[in-house]
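Q: After the structure tokens below, expect a handful of questions from me.
The numbers here are math on the coordinates, done by the rules we state, and not lab data. It should be emphasised that the depicted structure is a prediction, and the values quoted were computed from it without experimental measurement. Neighbour counts are summed over all protein chains in view; Cβ atoms, including those assigned to glycine, are modelled from backbone coordinates with ideal geometry.
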């Protein structure tokens, strides 16, 4: 037997004690005892949430088509800000100013579409973390809420001005609840609502609700609480000066155009189209739907007076779709088949887990909101001097009022529902601390284990919009692991083809999608077929407007004056004429670019 001392293995109790000691030390990072350590922990958690947003958006621009709708319009207006200044509130001047930041950095407009969305997606996640912490939620709850944002479809909802408005409202609410006095909180919420109005004009109605309520509260406080008069007057001065400064930069928050009637008309037509009432395209021929039911009404009050029954039926249809819309906005990604596509309308999933996961998330939010209500009641009854939840609930009411109104009158479009879904998620995360026994579950070791598990889980389930890179990709389909279906890119392909033809940039382009000419570099933009005179033929219109390029697709062929025009039908089939050469778009042969021969270089005529 060797005289050397043999190593004695540690007993199970010693290993357990050592593990608990290590976990206890690590737990100090999660529940630091000093303010400085707490700040470091928050910075680390916030950085992790930001990294999740980066993972979700990385390389996303390579798989997205160029936008030919709302985002194109905002980009087009942003490129003109330096010459024309900021437009009226209906055209989202704050969002345009945000876009000009990327343009000033030298980023091409086509790439700004991606960077704009990616930065907003990251800001939504980071703002969620900050808001939950400001409401009193613990770091674990804030980590879950902020980290789940890029795992859901919320950041994919199109268009994106509402994302910016929600970031403004979230940061404004987070600042408001941290201020010491009620009057200070009211000033912060009011200024946040005003600033958000310049990204989404419907928040003007929240201001209409805020101003009389704030004035009444200020008058009552000055009368009943003399010791708070200075704070109230100071808050009023800050609100007035801040509001004047914002209005000086962006103009009046009151609208000047007819965007409301256009939005109502298009979505009223969409509901009628979905019900099978008419076959006409609701986006481009909505006036036909409107004339059928409302005559020549051109404002919402006139619409109501012309046919209140039709308006109420439209609102009823919208109201029935609100719950489904809220769930669809905040649904986590399980079925990756449409990952990377714009999230505009709800779609059925191929997988039962999609529905089950959605129900679990909804149940978790409901439990958290129950805790929020408990905490709110406690603060209203004076059992908790910190009335943060009261200020937050007031912000929710102010935000929800115009959101619900827009949803009922216009349509439960997903971007209308983002503010409510976002704030309810933050309130639910903060509300867990008020649930019975919430503070008694586990100890330090349990907390750090939970943090590690949550962080690992979030990193695993947040999908990258271009490649997947998440555990959901392991779900099996008939052909193996599921993969995102490639996003069609007809606008990008058409713009690339146009650019390669070397047609003069001053050429007029006939197209129903003005984004294709814009991103191809045509200075004159696109000519809308609705500019045709009554009875005018395609050839007459081309000569009158000196059109040099015609982009023929199914939408142009649906236009009533053009669908049976023999000259256009010939071009749609790819047949060349003495005047035009035709170029089918590679990969999208249903789109034909037709160019006047005299505009092509000699080699292409």
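Q: How compact and how long is the stretch 81-224, expressed as Rg and Dmax of its alpha-carbon atoms in Å?
A: According to the Cα coordinates of the stretch 81-224, Rg and Dmax are 17.3, 58 Å.
Q: By per-residue mean of other Cβ atoms within 10 Å, what is the highest-first order of 299-311, 494-506?
A: Ranking, from highest mean packing down: 494-506, 299-311.
Q: Measure nothing but the geometry: give the 0 to 90° angle between the long axis through the Cα atoms of 93-104 and the longest principal axis through the Cα atoms of the chain, rounded to 10°.
A: So the inclination is approximately 90 degrees.
Q: When a footprinting reagent is the concern and you count Cβ atoms within 10 Å, what order do 128, 75, 557 take, fewest first? Please list the in-between numbers first.
A: Values: 128 29, 75 23, 557 16.
Least crowded to most crowded, the residues run 557, 75, 128.
Q: Hey, with R₀ at 41 Å, roughly what FRET efficiency would residue 597 and residue 456 work out to, going by the Cβ-Cβ distance, to 0.05?
A: The computed FRET efficiency comes out at 0.05.
Q: Using Cα-Cα distances under 8 Å and only pairs 6 or more residues apart, what relative contact order does the stretch 490-604 have, in percent?
A: That works out to 26 percent.
Q: What is the distance, in nm, between label points placed 7 Å from the Cα along the Cα-to-Cβ direction at residue 338 and at residue 589?
A: Each label point lies 7 Å from its Cα, and together they span 2.8 nm.
Q: Can you tell me what percent of all Cα-Cα pairs in the stretch 490-604 are more than 22 Å apart? Walk me through the intermediate numbers first.
A: Numbers: 1492 of 6555 pairs.
Tail of P(r) above 22 Å: 23 percent of Cα pairs.
Q: Still on this structure: So, in nm, how far is label residue 356 from label residue 222 when the simple model puts each one 7 Å beyond its Cα toward the Cβ?
A: About 6.1 nm, to one decimal.
Q: Multiplying the sequence separation of residue 380 and residue 530 by 0.36 nm and subtracting their Cα-Cα distance, what value in nm do you get?
A: Net length gain for the segment: 48.3 nm.
Q: Additional query: Most exposed first by the Cβ proxy, i.e. fewest other Cβ within 10 Å, how do 70, 567 rank?
A: 70, 567
Q: What does the convex hull of the Cα atoms come to per residue for the stretch 347-416, in Å³?
A: Convex hull volume per residue, Cα atoms: 103 Å³.
Q: Further question on the same structure: How far is helix 12-30 tilted, in degrees, relative to the longest principal axis of the Cα atoms in the chain, given as a value from 0 to 90 rounded to the nearest 10?
A: Compared with the principal axis, the helix lies near 60 degrees.
Q: What is the diffusion coefficient of the stretch 177-262 in µm²/s, taking the Kirkwood radius over Cα pairs and the Stokes-Einstein relation at 25 °C with a viscosity of 0.890 mPa s?
A: Value of D from the Cα-based Kirkwood radius: 177 µm²/s.
Q: Counting alpha carbon pairs within less than 8 Å and at least 6 residues apart, what relative contact order, in whole percent, applies to the stretch 161-275?
A: Contact order relative to length: 25 percent.
Q: Okay, moving on. Among the DSSP beta bridges whose two residues both lie in the stretch 490-604, what percent are antiparallel, rounded to the nearest 5?
A: DSSP beta bridges in the stretch 490-604 are roughly 65 percent antiparallel.
Q: I've got another one for you. Nearest 5 is fine: what % of DSSP beta bridges in the chain come out antiparallel, could you say?
A: Here the share of antiparallel DSSP bridges comes out near 70 percent.
Q: How much mean residue ellipticity at 222 nm does the chain get from its helices, if each DSSP H run of length 4 or more adds -39500 (n - 2.57) and you divide by all residues, to the nearest 500 deg cm²/dmol?
A: Numbers: 24 runs with 359 residues, N = 605.
So the calculated ellipticity at 222 nm is -19500 deg cm²/dmol.
Q: So how much slack lies between residue 296 and residue 107, counting 0.36 nm per residue of separation and subtracting their Cα-Cα distance, in nm?
A: That works out to 63.6 nm of additional length.
Q: Right, another one. Among [x] 29.0; [y] 29.9; [z] 27.3, find the value of Kirkwood radius over Cα pairs in Å that was calculated from the structure presented, and write down its label.
A: After the calculation, the listed value that fits is [z].
Q: With everything on Cα atoms, drop me the angle between helix 109-134 and the longest principal axis of the chain, reported from 0 to 90° to the nearest 10.
A: The helix 109-134 is inclined about 30 degrees to the chain.
Q: In whole Å, what is the distance between the alpha-carbon centres of the stretch 520-548 and the stretch 36-75?
A: What the calculation gives is 40 Å, centre to centre.
Q: Also, I was wondering about something else. Along the Cα→Cβ direction, 7 angstrom out, place labels at residue 259 and residue 84. What is the inter-label distance in nm?
A: So the label points at residue 259 and residue 84 sit 1.3 nm apart.
Q: What number results when the radius of gyration of the stretch 278-341, computed over Cα atoms, is divided by 2.2 N^0.38 Å?
A: On the way: Rg = 16.8 Å, N = 64, 2.2 N^0.38 = 10.7 Å.
Against the empirical 2.2 N^0.38 Å value, I get 1.57 for the stretch 278-341.
Q: Still on this model: Residue 277 to residue 485: FRET efficiency via 1/(1 + (r/R0)^6), r the Cβ-Cβ distance, R0 56 Å, to the nearest 0.05? Display every interim value, and only then the final one.
A: Working: r = 31 Å, r/R0 = 0.56.
After rounding, the FRET efficiency stands at 0.95.
Q: Quick one: 483, 573, 55, fewest Cβ neighbours within 10 Å first, how do they rank?
A: Listing 483, 573, 55 from fewest to most nearby Cβ atoms yields 573, 483, 55.
Q: Got the relative contact order for the chain handy, in percent, Cα pairs under 8 Å and 6 or more residues apart? The partial results should precede the final answer.
A: On the way: 872 pairs, mean separation 102.5, N = 605.
Reported as a whole number, the value is 17 percent.
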